[in-house]
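K.L.:
I am attaching a structure below and will ask some questions about it afterwards.
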Amino acid sequence: MLAFLAKRTGAGLSVLLVVPSLTFLLMYGNAANAARQILGENATPEQIAAKSAALGVDRPLFVQFIDYVGQLSVGDLGRSWFTAEPVGSLLTSRATVTLTVVIGSILVSTLLAFALGVTAALRRGAVDIALQVLAIVGFAVPGFWLALLLVSGLALQLRLFPATGFVPFTASPGQWLASITLPVVALMVGAVAGVAQQVRGAVIDVLEQDYVRTLRARGLPSWRVVAHVLRNASAPALTVVALTFIGTLSGAVFVERIFALPGLGLAATNAAVNGDVPVIMGVVLVMTAIVVLVNLVVDLAIGLLNPKVRLS
Amino acid sequence: MHIRTVAVALAAGVTMSVGGCAGTEPQSAGGAATSTLTLGSIIAPQTFDPAGVGDANFVPYAQAAYDSLILRKPDGTYAPMLATDWKLAADNTSITLNLRPNVTFSDGTPFDAEAAKANLEHFHEGTGPLSSELGLLDSVKVVDADTVTLTYASPDPDILYNLSDAAGRMASPAALKNPQSLATNPVGSGPYVLDTAATVQGSTYTFTARQQYWNSGLQKFGKVVFKIFPDEVSLLNALQSRQVDAANLTGADNRKAATAAGIKHLTPDTGISWTGTIFYDRTGSIVPALGDKRVRRAIAMSFNVPQIRRALMADTGVPNAQVFRQSSPGYDEALNSAYAYDVAAAKKLMAEAGHAAGFDLTLPINANTTPAAMENYKNSLGALGIRVKFDNLGTIPQYFAGLQSGKYAMSPAIFGAGPTDWKVINNYLVEKATWNPLHTTDPELAKLIKSYPAAAEKDHAKIIGEINRFLVDNVWFDPWLFLEEQYFVAGPVSVTLQKDQNIPSIYNYAPAGE
């Protein structure tokens, strides 16, 4: 198990090194325009040159890269070129919002998906068909469209939820719940559909295994049979949950935009539009770390559930 | 500023009060003590360092935290603020300011002449977007504890404007020593103090009323919250659901939706931004034909502005042919018909100039240029035989860099008309102006420009009028329309528009009924 863990961690770390380095090279090649963007349309060449020097983007790319790595080594992610905010504190506050919505969505959608998938696999027949149709519809509905419908219907017309904004849990638990409900619903519908289908398929596959027939023949109660089935069906389902988590992280961009949530996705798109390189680098680092961590956790979980994976 | 997301003309003295909604906390009997003003915007503050603050959307953020030396009233006239009075030299080369005593910054540091000097020098040395406001400053002399004299290297007719704007905002001299901290945590003498615990940078900025502020007349609310939105659609949703009290909307569809939802708005009546075409090559160094003003005029006459307004601008915009704003003393309504749409007359001008067969022209565009806008150029210029090739320069900063490189003969444009005539002159007309990339000059124009800075104010209208006529006669620019915006007010607040500002000053809001 230790060798398995070391192998997976090594792979994750290499991704964590390569992706931000490539991003740095891609972004800094275009960083000279940031000074012009900050100063606006009437900036003179002298002003632009002075601002470029102040930002440090007039130096050779290699020098900038070494400088950035040096900063990172002491935990300094720099400051936003556009809001002057330390990138570290920006990421902390933004990641809180994004992860709240994404984790909320994954938790709710996973619970629902497992319930629906297992029910469909066990009951089959009309229930299975109905749940499959629902899943397909859920999968087909574009998340952004659903988000807009939710805003229009439940926020603007019925005034049941706030149309925009995020309220921290510490400020008001009730308002926090209200502020994340619609974004979570908008994100989870597609996830429920996808994971439920996978769970259903995996459970049906396992149900057809010989050992399940043997368990039943030995007279085990149904709930114990289902427990065995679930343990073996969980591995493929977990992989799908992990992929869904990463997909939902990307999907958070549109939800943050529609609901004006100050999350990582919004920070990333704004920074990309403005050419705010320190923020883009910070977001890429955090996102890469999250993806690596999620994959690592899922790999370990699958390894624990299925010893064959560890051996391979 | 960046390509203007805003282009509003807001006339002085237009006030609106709207009542009854859920977005703003109920007022106490005392009004300001408990009421909250929540403003929405799609532009977040870039920095709270006074030397780095921009204009337009950035103004209210800065005004919440900082007082300026001079107050610019809603009608654009000047009034005392941190300077109680001043004496401006007749030739605009110096100003002596008497400063208000007993004022402190929010960190307890007293405001005095040394503090003013430190701020002015900090701004002068800065690299912010408005650093040119003190570009001509030569020295700041502390006369006594409450008096400073600013001396300029050459006449600056915008001294009062600049000291009522970014250049005049005063921060604690102690805070100036730590610009990184000042960038996110303003320390001013203004009516409000940033509540950092209730602030999420780039998303929500919460200011609370400063205790014992020296001018309670400018402090109308207990709390001012700025909410930043990723786009106008979510901002519109926030207005509709009364999560914000007021915001400006630039998109025609969003404005229609807001109006349909019953949200009241203030109607702009002065243009401060325009869209149209700039001719850079007025001597024919890139495209020889453009050196002939008859060709430039023919091109200007080939654009069907009413149709452009309908098809490309969603029926918004005020037809205009001048680069000076409508409130400029040199603005002349009669000049707006100078390039009236007339293809037959335009073809005749082309023939007279010896270009009846047309010529090849490369037009720079950017990633945001719509196919409809490209068709407009292709069809309008094509009617004169001009064969257009487009050169996509990419993002807006890349586009601006390309335009200023001196490679292009003309380009589409959306530009601010400038809050003062002197700024228009410096941004567009002088030989080294940013928007004169081929450094065109003319003896007649140069003489007029030279006479302006030291001239008495009573002579400004005549000089600007002559400059304006020169530009129109010689077809240096081809503005089509002043852009329109509307300022929407959903909450129970009263708002007074500010002359030549797209966003009202923070002092111009009050709880409804006050």
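Every read-out reported here was derived from the displayed coordinates using simple, explicitly stated rules and does not represent laboratory data. Since we're looking at a predicted model, the values are computed, not measured. Please note: Cβ atoms are built from the backbone with ideal geometry, for glycine as well, and neighbour counts cover all protein chains shown.
K.L.:
Which shape class, rounded, prolate or oblate, goes with the protein assembly as shown when its Cα gyration tensor gives a ≥ b ≥ c as root eigenvalues, a/c under 1.5 marks rounded, and past that a/b bigger than b/c marks prolate?
P.N.:
Details: a/c = 2.01, a/b = 1.62, b/c = 1.24.
Prolate, since a/c reaches 1.5 and a/b exceeds b/c.
K.L.:
A further question on this structure: Using only the Cα atoms of the range B:153-216, what semi-axes does the equivalent ellipsoid have when each is the square root of 5 times a gyration tensor eigenvalue? Give whole Å, largest first. Intermediate results must be reported in sequence, preceding the final value.
P.N.:
Details: eigenvalues 139, 49, 29 Å².
The three semi-axes for the range B:153-216 are 26, 16, 12 Å.
K.L.:
Cut-off under 20 Å on the C-alpha distance; same-chain residues fewer than 8 positions from B:K220 excluded. Which aspartates and glutamates are left, in chain and number order?
P.N.:
B:K220 reaches B:E25, B:D67, B:D75, B:D195, B:D245, B:E514.
K.L.:
While we're on this one: Can you put B:Y399, B:Y213, B:Y78 in order, fewest other beta carbons within 10 Å first?
P.N.:
On the way: B:Y399 24, B:Y213 18, B:Y78 15.
Fewest to most other Cβ atoms nearby, the residues stand as B:Y78, B:Y213, B:Y399.
K.L.:
Moving on. Among all the lysines, which ones have a C-alpha under 20 Å from A:K51's C-alpha, if same-chain residues fewer than 8 places away are not counted?
P.N.:
B:K177, B:K432
K.L.:
Still on this structure, please answer the following. Relative contact order (percent) for chain A, with alpha-carbon contacts under 8 angstrom and 6 or more residues of separation? Can you show the working numbers first?
P.N.:
On the way: 339 pairs, mean separation 86.2, N = 312.
Result for chain A is 28 percent.
K.L.:
I would also like to ask the following. Give a quick list of trypsin sites (Lys or Arg not before Pro) in the range A:163-225 that DSSP marks as loop, anything other than H, G, I, E or B, with at most 13 other Cβ atoms within 10 Å.
P.N.:
Answer in residue order: A:R218.
K.L.:
Would you work out which of B:G222, B:S139, B:L160 lies farthest towards the positive end of the dipole of the range B:97-247? Charges go on Cβ: Lys and Arg +1, Asp and Glu -1.
P.N.:
B:G222
K.L.:
If you don't mind, there's one more thing I want to ask. List, in order, the whole-Hz ³J(HN,Hα) value for each residue of the range B:166-180 obtained from phi through the Karplus relation with A = 6.51, B = -1.76, C = 1.60 and θ = phi - 60°; use x for Gly and Pro.
P.N.:
Ordered by residue, 3J(HN,Hα) equals 4, 5, x, 7, 10, 10, 4, x, 5, 6, 4, 6, 10, x, 5 Hz.
K.L.:
At 20 °C and 1.002 mPa s, grab the translational diffusion coefficient of the range B:461-511 from Stokes-Einstein with a Kirkwood Rh over Cα pairs, rounded to a whole number in µm² per second. Present the calculation step by step, with values, prior to reporting the outcome.
P.N.:
Working: Rh = 14.3 Å.
Reported coefficient: 149 µm²/s.
K.L.:
Still on this structure, please answer the following. Can you tell me the orientation of helix B:113-125 relative to chain B, as the angle in degrees between its alpha-carbon axis and the longest Cα principal axis, to the nearest 10?
P.N.:
Between the helix axis and the principal axis of chain B, the angle is about 30 degrees.
K.L.:
Right, next: Going by how many other beta carbons lie within 10 Å of each one, how would you line up A:S21, B:S131, A:S80, B:S494, fewest first? Before the final figure, lay out each step's value.
P.N.:
On the way: A:S21 14, B:S131 23, A:S80 28, B:S494 18.
The most exposed by this proxy come first: A:S21, B:S494, B:S131, A:S80.
K.L.:
For the range A:193-253, what is Rg from Cα atoms divided by 2.2 N^0.38 Å, rounded to two decimals? Don't skip to the end; give the middle numbers.
P.N.:
On the way: Rg = 14.6 Å, N = 61, 2.2 N^0.38 = 10.5 Å.
In units of the globular-protein estimate, the range A:193-253 measures up at 1.39.
K.L.:
I would also like to ask the following. For chain B, go through all pairs of different Cα atoms, get the mean of 1/r, take its inverse, and jot down that Kirkwood value in Å. List each step's numbers first, then the result.
P.N.:
On the way: mean 1/r = 0.0414 Å⁻¹.
Evaluated on chain B, it is 24.2 Å.
K.L.:
I've got another one for you. Using alpha carbon centroids, what distance separates the range A:11-64 and the range B:444-514, in Å?
P.N.:
So the two Cα centres are separated by 36 Å.
K.L.:
Further, regarding this structure: Please list the equivalent ellipsoid semi-axes of the range B:284-358, computed as the square roots of five times the alpha-carbon gyration tensor eigenvalues, in descending order and whole angstrom.
P.N.:
On the way: eigenvalues 128, 54, 25 Å².
The answer is 25, 16, 11 Å, longest axis first.
K.L.:
Let me ask something else about it. Testing the spin-label approximation: label points 7 Å from Cα along Cα→Cβ at B:E121 and A:A272. State their distance in nm.
P.N.:
Result: 4.6 nm between the two label points.
K.L.:
Right, something else. Which value, in debye to the nearest 20, describes the size of the charge dipole of the protein assembly as shown about its Cα centre when Lys and Arg Cβ atoms bear +1, Asp and Glu Cβ atoms bear -1, and nothing else is charged?
P.N.:
Numbers: 58 positive and 61 negative charges, 624 e Å.
The calculated dipole for the protein assembly as shown is roughly 3000 debye.
K.L.:
To the nearest 10 degrees, how steep is helix B:293-302 against the longest Cα principal axis of chain B, on a 0 to 90 scale?
P.N.:
Computed tilt is about 80 degrees.
K.L.:
Given 0.36 nm per residue, what is the gain on full extension from A:Q209 to A:A11 after removing their alpha carbon distance, in nm? If you can, show how the numbers build up before the last one.
P.N.:
Working: separation 198, 0.36 × 198 = 71.28 nm, distance 3.39 nm.
Contour length minus Cα-Cα distance gives 67.9 nm.
K.L.:
Something else: Given the Cα-Cα distance of B:K407 and B:K87 and 0.36 nm per residue of separation, how much length would full extension add, in nm?
P.N.:
Numbers: separation 320, 0.36 × 320 = 115.20 nm, distance 4.55 nm.
Extending this stretch completely gives an extra 110.6 nm.
K.L.:
Still on this structure, I have one more. Rounded to the nearest 500, what is chain B's calculated 222 nm mean residue ellipticity when only DSSP H runs of at least 4 contribute -39500 (n - 2.57) each, over all residues? Present the calculation step by step, with values, prior to reporting the outcome.
P.N.:
Working: 15 runs with 131 residues, N = 514.
Taken over chain B, the calculation gives -7000 deg cm²/dmol.
K.L.:
Using Cβ contacts closer than 10 Å as the measure, can you line up B:K293, B:K423, B:K458, B:K141 from fewest to most?
P.N.:
Numbers: B:K293 17, B:K423 21, B:K458 8, B:K141 13.
So the ranking, lowest neighbour count to highest, is B:K458, B:K141, B:K293, B:K423.
K.L.:
Follow-up question, since we're still on this one. Obtain the nm distance between the two label points defined at A:F169 and A:R59 by a simple spin-label model: each point lies 7 Å from its Cα along the Cα-to-C-beta direction.
P.N.:
Each label point is offset 7 Å from its Cα along the Cβ direction, giving 4.1 nm.
K.L.:
With r defined as the distance between the Cβ atoms of B:S181 and B:E466 and R0 fixed at 35 Å, what FRET efficiency is calculated, to the nearest 0.05?
P.N.:
Values: r = 49 Å, r/R0 = 1.40.
FRET efficiency, B:S181 to B:E466: 0.10.
K.L.:
Continuing with this model, one more query. Across the residues of B:416-423, average count of Cβ atoms on other protein chains within 10 Å? Please list the in-between numbers first.
P.N.:
Details: counts 3, 0, 1, 0, 0, 0, 0, 1.
The mean count of partner-chain Cβ atoms within 10 Å per residue comes to 1.
K.L.:
Apply the Karplus parameterisation 6.51 cos²θ - 1.76 cosθ + 1.60, with θ equal to phi minus 60°, to every residue of the range B:453-461 and state each ³J(HN,Hα) to the nearest whole Hz, in sequence, with x for glycine and proline.
P.N.:
x, 8, 6, 5, 4, 5, 8, 4, 4
K.L.:
Could you pull the Cα extents of the range A:204-312 along its three principal axes, largest to smallest, in whole Å?
P.N.:
That works out to 66, 33, 16 Å along the principal axes.
K.L.:
While we're looking at this one, here's another question. Enter the mean number of other protein chain beta carbons within 10 Å of the beta carbon of each residue in B:44-53, as an integer.
P.N.:
3
K.L.:
Using +1 at the Cβ of each Lys and Arg and -1 at the Cβ of each Asp and Glu in the protein assembly as shown, identify which of B:A209, B:P329, A:T164 lies farthest towards the dipole's positive end.
P.N.:
The residue sitting most towards the positive pole is A:T164.
K.L.:
Near B:K378, which lysines are there with a Cα under 24 Å away, not counting those fewer than 8 places off in the same chain?
P.N.:
Cα-Cα hits under 24 Å: B:K293, B:K347, B:K348, B:K389, B:K407.
K.L.:
Can you give the Rg/Rh ratio of chain A, where Rg is from the C-alpha atoms and Rh is the Kirkwood radius?
P.N.:
Details: Rg = 23.8 Å, Rh = 22.3 Å.
When Rh is taken as the Kirkwood radius, the ratio is 1.07.
K.L.:
Output the direction-averaged projected area (hull surface divided by four) of the convex hull of the alpha-carbon atoms of the range A:185-224, in nm².
P.N.:
Working: hull surface 13.8 nm².
Averaged projected area of the range A:185-224's Cα convex hull equals 3.4 nm².
K.L.:
Please give the charge dipole size of the range B:352-494, origin at the Cα centre, charges +1 on K and R Cβ atoms and -1 on D and E Cβ atoms. Round to the nearest 20 debye.
P.N.:
Working: 11 positive and 15 negative charges, 56 e Å.
Dipole size: approximately 260 debye.
K.L.:
Among B:K423/B:K450; B:K223/B:K256; B:K256/B:K499, which pairs are too far apart, with a Cα-Cα distance over 21 Å? Display every interim value, and only then the final one.
P.N.:
Working: B:K423/B:K450 14 Å; B:K223/B:K256 30 Å; B:K256/B:K499 24 Å.
Beyond 21 Å: B:K223/B:K256; B:K256/B:K499.
K.L.:
Another question about this same structure. Normalised radius of gyration for the range A:24-133, please: alpha carbon Rg relative to 2.2 N^0.38 Å, two decimal places. Present the calculation step by step, with values, prior to reporting the outcome.
P.N.:
Numbers: Rg = 24.6 Å, N = 110, 2.2 N^0.38 = 13.1 Å.
Dividing the Cα radius of gyration by 2.2 N^0.38 Å gives 1.87.
K.L.:
Rounded to the nearest 5, what % of DSSP beta bridges with both residues in the protein assembly as shown are antiparallel? Working shown, then result.
P.N.:
Details: 60 of 73 bridges.
So the antiparallel bridges amount to about 80 percent of the total.
K.L.:
Would you mind checking the radius of gyration and Dmax of the range B:35-102 based on alpha-carbon positions, in Å?
P.N.:
Final numbers for Rg and Dmax: 14.9, 46 Å.
K.L.:
Compute the projected area of the convex hull of the Cα atoms of the range B:382-461, averaged over all viewing directions, and report it in nm² to one decimal place.
P.N.:
Numbers: hull surface 29.7 nm².
Directional mean of the projected Cα hull area for the range B:382-461 stands at 7.4 nm².
K.L.:
State, to one decimal in nm², a quarter of the convex hull surface area for the C-alpha atoms of the range B:80-152, i.e. the direction-averaged projected area. Kindly include the intermediate steps, with their values, before the conclusion.
P.N.:
On the way: hull surface 20.9 nm².
Seen from a random direction, the Cα hull of the range B:80-152 projects 5.2 nm² on average.
K.L.:
So if each residue of separation counts as 0.36 nm, and I subtract the Cα-Cα distance between A:A227 and A:I103, what length gain in nm does that give? Intermediate results must be reported in sequence, preceding the final value.
P.N.:
Working: separation 124, 0.36 × 124 = 44.64 nm, distance 2.51 nm.
Stretched out fully, the A:A227 to A:I103 stretch lengthens by 42.1 nm.
K.L.:
Further question: Output the Cα-based Rg and Dmax of the range A:151-247 in Å, rounding Rg to one decimal and Dmax to a whole number.
P.N.:
Cα-based Rg and Dmax for the range A:151-247 come out at 20.1, 58 Å.
K.L.:
Mind running the shape call on the range B:367-514? Use the C-alpha gyration tensor, a ≥ b ≥ c as the square roots of the eigenvalues: rounded below 1.5 for a/c, prolate if a/b tops b/c, oblate otherwise. List each step's numbers first, then the result.
P.N.:
Working: a/c = 2.28, a/b = 1.23, b/c = 1.86.
Oblate.
K.L.:
Also: Using Cα centres only, tell me the gap between the range B:315-367 and the range A:260-311 in whole Å.
P.N.:
53
K.L.:
Which one of A:L261, A:M287, A:L243 has its Cα pushed farthest toward the positive end of the charge dipole of the range A:215-312, where Lys and Arg give +1 and Asp and Glu give -1 at the Cβ?
P.N.:
The listed residue farthest towards the positive side: A:L243.
K.L.:
Please work out the C-alpha center-to-center distance from the range B:79-137 to the range A:155-229 and express it in whole Å.
P.N.:
62
K.L.:
Determine the percent antiparallel among the DSSP beta bridges restricted to chain B, to the nearest 5. All intermediate terms of the calculation are to be shown ahead of the outcome.
P.N.:
Working: 59 of 72 bridges.
Around 80 percent antiparallel, to the nearest 5.
K.L.:
Average partner chain C-beta neighbours within 10 Å, per residue of B:233-243? Can you show the working numbers first?
P.N.:
On the way: counts 6, 10, 2, 3, 11, 6, 2, 6, 10, 2, 6.
Averaged over the peptide's residues, the number is 6.
K.L.:
Calculate the dipole size of chain A relative to its Cα centre from +1 charges on Lys and Arg beta carbons and -1 charges on Asp and Glu beta carbons; express the result in debye to the nearest 20. Could the numbers behind the result be given before it?
P.N.:
Values: 19 positive and 13 negative charges, 249 e Å.
With only Lys, Arg, Asp and Glu charged at Cβ, the dipole is about 1200 debye.
K.L.:
Would you mind checking the range A:175-214 for residues with the amide N under 14 Å from a putative spin-label position 7 Å along Cα→C-beta of A:L220?
P.N.:
A:206-214
K.L.:
Shifting gears a bit: Based on the mean of other beta carbon atoms within 10 Å per residue, what is the order of A:3-11, B:155-163, most packed first? Could the numbers behind the result be given before it?
P.N.:
Details: A:3-11: 12.7, B:155-163: 22.4.
Sorting A:3-11, B:155-163 by mean packing, highest first, produces B:155-163, A:3-11.
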